[in-house]
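Please treat every number below as a calculation from the coordinates, not as lab data. All values reported here derive from a predicted model rather than from experimental measurement. Neighbour counts run over all protein chains shown; Cβ positions are idealised from the backbone, glycine included.
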């Protein structure tokens, strides 16, 4: 799938973000190796530890539908800066992806940069 198309899906879904505390909307689109795409948004909670990032929402949706291998993820927010996955999301992505999993980091202007997960999370914990 084209990087721009995956990013557009992330941009579109962020309208569903539940972010009343931070006001920082994030959308993510995960491309499974099967070709299916799963989207997610950040979902905040008054108990901040219960907040879930958009990337993990999308990954968990994919896994709950039987997917176990991720080819790419695109992330979009309302920021002028590129939006990167947090450390926890990087580890979750690594659980179902590999060093070559594509990470497309976008901004509110539709601009993006692309990394490989191995660049963003060297020396990750691996499946045992």
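Quick notes on this one:
- Picking from residues in the range 14-26 that are touching a residue at least 40 places away in the same chain (Cβ under 8 Å) and surrounded by fewer than 22 Cβ atoms within 10 Å (Cβ to Cβ), the one that is nearest to residue 102 (Cα to Cα) is 25.
- Of all the numbered requirements in (1) within 23 Å of residue 95 (Cβ to Cβ); (2) not in a strand (DSSP E or B), residue 14 misses one, and that requirement is (1).
- Residues (surrounded by fewer than 22 Cβ atoms within 10 Å (Cβ to Cβ), touching a residue at least 40 places away in the same chain (Cβ under 8 Å) and touching a helix residue (DSSP H, G or I) at 6+ places or on another chain (Cβ under 9 Å)) located in the range 67-103: 78, 102
- Subset of the range 27-56 (residues that are surrounded by 24 or more Cβ atoms within 10 Å (Cβ to Cβ) and without any contact (Cβ under 8 Å) to a residue 40 or more places away in the chain): 40, 55
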